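Colleague: Can you keep this structure in mind? I'll have questions shortly.
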Amino acid sequence: MTNSPCPHPDNKPFSGQPEKEKTWGGKRFRAGPVAWVIYFNMPTDTKRVRGPEVSQSPSLFSCDPAAVLPSKGPRADGRRRDQVDVRPVFVRCGLVSQAKGSAYLEAGNTKLMCCVYGPRETDRKDETDMKCGRLTTDMRFAPFSCPERGSWIQGSQDKDFSLMLHESLQPAICLHKYPRSQIEVSVMVLENSGSVLAHAVTCASLALADAGIEMYDLVLGCSMRQDGTSYVVDPSYMEENGCSSVSCENQGGLTVAFLPSLNQISGLQSDGDMTEETLTAGVRTCIEGCYKLYPVIQRALTKAVRKAAPSQSES
Amino acid sequence: MARVQVSEAEKVYILHGIRDDLRVDGRGCEDYRHMEIETDVVSNTDGSAKVTLGHTAVLVGVKAEIGKPRPTVPTEGYLEFFVDCSANATPEFEGRGGEELGTELSNTLYKVFNNKRSIDLKSLCICAGEHCWVLYVDVLLLQCDGNLYDAISVAIKAALFNTKIPKVHISSDDEGGKEIELSDDPYDCMRLNVENVPCIVTLCKVGHRHVVDATLQEKACSVASLIISVTHKGTITCMRKVGGGSLDPESIFEMTEAGKRVGKALHAPLMKLLEQEESLGKKRQKVYTCFPGLPLVSPQPPREESGAK
């Protein structure tokens, strides 16, 4: 594939897939699977795309979305500030027929789905525990899920989310009932509109329940964002990433995973800079938010069980 | 994470001891082990520190490089964290074994420093939108004996305190092009204000009580721990539950309060120690090689003060 004289009769530079090759405005290009290759008296290095090494989303250079968010009055989506006002949630079980259990969750524009596979034999024989099953979690963001395009490869942020998901779910699952086996939980975020981790925890626990994995309790997630003296529960993407430039005191985010009927916190994560009192109040607020979610998730689960029951009795 | 096998009888012994506020090594529930801090240990870095806490040994090197500021914050520099779990800490870390723990630790460090107060990032800006200082904070675990988070955070604070960033001079020529000149004089440097850099306190829930600075044996008896990063003012920059168990909300509130108290008391003696060591200058004995177990000389009180019980 060089510019050296080609043995082909009509002097085409490619030997493979000649039928796909087209001439367009004097430039010959190949609609092949490699990349855009433009032939126009170019030197031998033809595979390289001569663009800038890194590209950035144009949204960065247009108006700044993270500039100033009002810290008073109603929120952009009409919810109330300083109230446990979570977004209405839509949940469904049994979405993916191939998986043992699956769930889909939508809260505002945050959309994610979760699949549970297993219990089955472990991949890693060296880490097989004779007494206890293994839980693996994998959380990924679709490249188009955030305003800026992400990569398909799991970054360190995704790994961090996976770990948090793992720690939040593990206390709820009766892993001792599944010796020498592995349960796989994978969450795919289709659209990120804030509070992703909290909703991922809820969705994953629902999918686990749908898969019939024995659990002590459902795990519910809720997050909040403190901004000076006011706070917002279940923040949207804008509220999560934008900051009001008024003060930098007492700002931060908090995510809590909660087991409602056991009254236990299985996951907790905060960042920013908050006083202890704010943080304590924040945890209480998040627990309250989890209780609001509880009946919705229970209803979705009973609906899924009812749907599954007649077909099982037939067979 | 490095683990040890603890028998049932040992567990009961440790649990009952902690219930009576008496730990295996004679400490109280909110006491740290003997801590040794030494700064300026690696000559090729811009700032470095070695911290040993019991048998846990951590080496931190800070390197400053000129980079491009992030497009979202053109007037600020940034910090990059990398934690390397070397195989000499424990054989489990061989190959890719330490990778998981390394990413977990570094991700937590990003969270700990994810606020405007910890480090004045604006002071790292050289030329808005074009050049800034990037501080690469590389953490090397030399030995693991529990409580990695606390040791790492203290080491990072000491290394950042020790960091000397050369002053830069920007000159522009006639065509509007800019030239950056680095100062040759090693004393003509910028120091960072580390007053607000938080320290991490890890609280391990053992039985009905919680302990600070758990050893590996104590860690094996606990189901979950809470890591809290506390600034000198007592504000909390990061809180995280780690481990496979769950915690009661009330005990989380209790642990937050204890963590705040312990963490707040950690800062003043630490800063005093760092300043004291700095003032000794070249007179003190320096260790340039970094092997665990080498005797380190550093002026310090026998034990870090850790607040009231």
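Colleague: Could you work out how far the C-alpha centroid of segment A:85-106 sits from that of segment B:29-75, in angstrom?
Modeller: 44
Colleague: Which whole-angstrom value gives the distance between the alpha carbon centres of segment A:254-305 and segment B:254-280?
Modeller: Taking the Cα centre of each part, segment A:254-305 and segment B:254-280 sit 32 Å apart.
Colleague: Something else now. Quickly rank B:150-157, A:186-193, A:138-145 as a protection proxy: mean count of other C-beta atoms within 10 Å, highest first.
Modeller: Output ranking for B:150-157, A:186-193, A:138-145: B:150-157, A:186-193, A:138-145.
Colleague: Moving on to the next point. Counting only protein chains, not ligands or nucleic acids, how are A:199, B:16 ordered by accessible area (probe 1.4 Å), most first? It would help to have the intermediate numbers written out before the result.
Modeller: Details: A:199 10, B:16 90 Å².
Heavy-atom accessible area, descending, gives B:16, A:199.
Colleague: Using the 2.2 N^0.38 Å rule of thumb for compact globular proteins, work out how segment B:195-269 stacks up: its C-alpha Rg over that value, please.
Modeller: Rounded to two decimals, the normalised Rg is 1.06.
Colleague: Roughly how many nanometres apart are two label points built 7 Å out from the Cα toward the Cβ at residue B:191 and residue B:15?
Modeller: Simple spin-label model gives 5.0 nm for this pair.
Colleague: Using a 7 Å offset from the Cα along the Cα-to-Cβ direction at both residue B:172 and residue B:34, what is the distance between the two label points in nm, to one decimal?
Modeller: Those two pseudo-labels are separated by 5.9 nm.
Colleague: So what's the gap between the Cα centers of segment B:98-123 and segment B:157-191, to the nearest angstrom?
Modeller: Cα centroid to Cα centroid, the span is 24 Å.
Colleague: If I model a spin label at residue B:68 and residue A:180 as a point 7 Å from the Cα along the Cα→Cβ vector, what separation in nanometres do I get?
Modeller: 5.5
Colleague: Sorted by accessible area with a 1.4 angstrom probe, largest first, how do B:178, B:272, A:111 fall?
Modeller: B:272, B:178, A:111
Colleague: Suppose R0 equals 30 Å. What FRET efficiency, 1/(1 + (r/R0)^6) with r the Cβ-Cβ distance, do residue B:4 and residue B:208 give to the nearest 0.05?
Modeller: Here the calculated transfer efficiency is 0.85.
Colleague: Tell me, in nm to one decimal, what length is gained between residue A:136 and residue A:92 on full extension, where the rule is 0.36 nm per residue of separation less the Cα-Cα distance? Could the numbers behind the result be given before it?
Modeller: Details: separation 44, 0.36 × 44 = 15.84 nm, distance 2.25 nm.
Full-extension gain reported as 13.6 nm.
Colleague: Which values of log₁₀ I(q)/I(0), to two decimal places, follow from the Debye formula for chain B at q = 0.08, 0.11 Å⁻¹ with a uniform point scatterer at every Cα?
Modeller: Each listed q maps to, in turn, -0.38, -0.69.
Colleague: For a bin width of 10 Å, list the pair-distance distribution of segment B:131-207 built from all Cα-Cα distances, rounded to whole %.
Modeller: Percent of pairs per bin, in order: 14, 32, 25, 16, 8, 4, 1, 0.
Colleague: Mind ranking B:110, A:291 by accessible surface for me, highest first, 1.4 Å probe?
Modeller: From most accessible down to least: A:291, B:110.
Colleague: To the nearest 10 square angstrom, what accessible area does residue B:179 show with a 1.4 Å probe?
Modeller: Rounded to the nearest 10, the figure is 110 Å².
Colleague: FRET efficiency for residue B:82 and residue A:308, Cβ-Cβ distance as r, R0 = 35 Å, nearest 0.05? Display every interim value, and only then the final one.
Modeller: On the way: r = 48 Å, r/R0 = 1.37.
The pair residue B:82/residue A:308 has a calculated efficiency of 0.15.
Colleague: To continue, here is another question. Quantify how strongly other chains surround peptide B:268-278 by giving the mean number of their Cβ atoms within 10 Å of each of its Cβ atoms.
Modeller: Other-chain Cβ atoms within 10 Å of each residue's Cβ, averaged: 0.
Colleague: What net charge do the residues around residue B:140 carry, taking every other residue with its C-beta under 11 Å from that of residue B:140, with Lys and Arg at +1 and Asp and Glu at -1?
Modeller: Once all neighbours under 11 Å are counted, the net charge is -1.
Colleague: What span do the alpha-carbon atoms of segment A:132-231 cover on each of the three principal axes, reported in whole Å from largest to smallest?
Modeller: On the principal axes, segment A:132-231 reaches 44, 36, 22 Å in Cα extent.
Colleague: Let me ask something else. Counting DSSP beta bridges in segment A:94-238, what percent are antiparallel, to the nearest 5?
Modeller: Beta bridges within segment A:94-238, antiparallel portion: roughly 70 percent.
Colleague: Hey, another quick one. Between residue B:122 and residue A:291, what's the calculated FRET efficiency when r is the beta-carbon distance and R0 is 30 Å? Round to 0.05.
Modeller: Step by step, r from the Cβ atoms, then E = 0.10.
Colleague: Given the C-alpha atoms of segment A:89-307, compute the convex hull and give its volume per residue in Å³.
Modeller: 128
Colleague: Of the residues B:143, B:217, B:276, which exhibits the maximal mean-square fluctuation in a Gaussian network model of chain B defined by a 10 Å Cα contact cut-off?
Modeller: Of the options given, B:276 has the highest mean-square fluctuation.
The values are calculated or read from the model by the stated rules, or taken from the named source; none is laboratory data. The structure presented is a predicted model; accordingly, all values stated were derived computationally and were not measured. Quick reminder, even Gly has a Cβ in these numbers, built from the backbone with ideal geometry, and neighbours come from all protein chains shown. Areas reflect the complete protein model, heavy atoms only, side chains present, ligands, DNA and RNA absent. Shrake-Rupley method; radii C 1.70, N 1.55, O 1.52, S 1.80 Å.
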